[in-house]
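Down below is the structure, laid out as structure tokens.
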Amino acid sequence: MRIRALFLLLLLAIGAAAEPWPQLPVKVDSENYLSLSPDGSYVALKTDRDVQIWNAKKQIVVRRLRDVVRPLSVTFSPDNRHLVVSDYPVKFAYYDCADRLRKVWEYQGPWDRHGDVQTPGSYDVVFSPDGEYLLAVAGAHGAQSGDSTVRVFDTATGRVVFSQAG
């Protein structure tokens, strides 16, 4: 009787130790970062060379964004409908998640074309809580100077509605 009870407990322990959610079947590079959409329906995997957008429940790639040079960050809108990918050199793109990740608009910041694509840096972006605005500030690896102007964009049009140098 004790052996049966011990065997049953062992079987239950194996089930409890199993992963609650399967892993994404992907090979990774040296720098990989995940972003999860607010409702958990999408997972964005940022690698050194592309951004993969996964349907989290079906565990399939919805789209690979290959028109990036060296993506810095991936940010989902609060309502799950849009995605912003910031990239080197000093640019970011705004995508529509409901329309197979169609690029809606893109912003390209100032760059004098001197140095490599990392020299001018890129942007870190954050949505307003209602998703109507996007704040973009310089973001870069290491000692790059970056763009010193803070900008607020209207997400529907991509138009700059506020900017402040320094």
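Subtract the Cα-Cα distance of residue 162 and residue 113 from 0.36 nm times their separation in residues, and report this length gain in nm to one decimal.
Answer, rounded to one decimal: 15.1 nm.
For region 63-68, just list the computed ³J(HN,Hα) in residue order, Karplus coefficients 6.51, -1.76 and 1.60, θ = phi - 60°, integers in Hz, with x standing in for Gly and Pro.
Once θ is set to phi - 60°, the couplings for region 63-68 become 6, 10, 8, 9, 8, 10 Hz.
Throughout, read-outs are computed from the coordinates displayed, never taken from laboratory work. Since this is a predicted model, take the numbers as computed values, not measurements.
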